[in-house]
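Some notes on the structure that comes next.
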């Protein structure tokens, strides 16, 4: 399986696990995904056979409360919309014991950092 295909699969599975099963794997990367293909399938037939996907290193997993789940969805929406201010606000809400010394400054830095990062043509 190519790296690009594995990366796309990783994103899709992470989204599916989060949206459908409310399951978060906090350390999902290609090294923690094992794809097993039956021994009789050739490289040409990889997608005609049904591979078995095994997630490894599941020690950092969680189920989210409904409030945290909605907040995380809002965070991802903000990132997709390039809205750094909302992404920073969502980040602050993820902590039950918020101890950020200056939440307003954190939100403003999130806003300007996001604008700076997405000002490049290559993104």
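Overview of results
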{"quantity": "Of all residues in the stretch 89-114 being assigned to a helix (DSSP H, G or I) and touching a residue at least 24 places away in the same chain (Cβ under 8 Å), the one that is surrounded by the fewest Cβ atoms within 10 Å (Cβ to Cβ)", "calculated": "112"}
{"quantity": "In the stretch 16-58, residue farthest from residue 70 (Cα to Cα) [restricted to those that are assigned to a helix (DSSP H, G or I) and modelled with pLDDT of 80 or more]", "calculated": "31"}
{"quantity": "Failed criterion for residue 69 (all others in (1) assigned to a helix (DSSP H, G or I); (2) under 18 Å from the mean Cα position of the chain (by Cα); (3) more than 19 Å from residue 13 (Cα to Cα) hold)", "calculated": "(3)"}
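The values are calculated or read from the model by the stated rules, or taken from the named source; none is laboratory data. Remember, it's a predicted structure, so these values are computed and weren't measured experimentally. Heads up, the Cβs are rebuilt from the backbone with ideal geometry, glycines too, and the neighbour counts pull from every protein chain shown.
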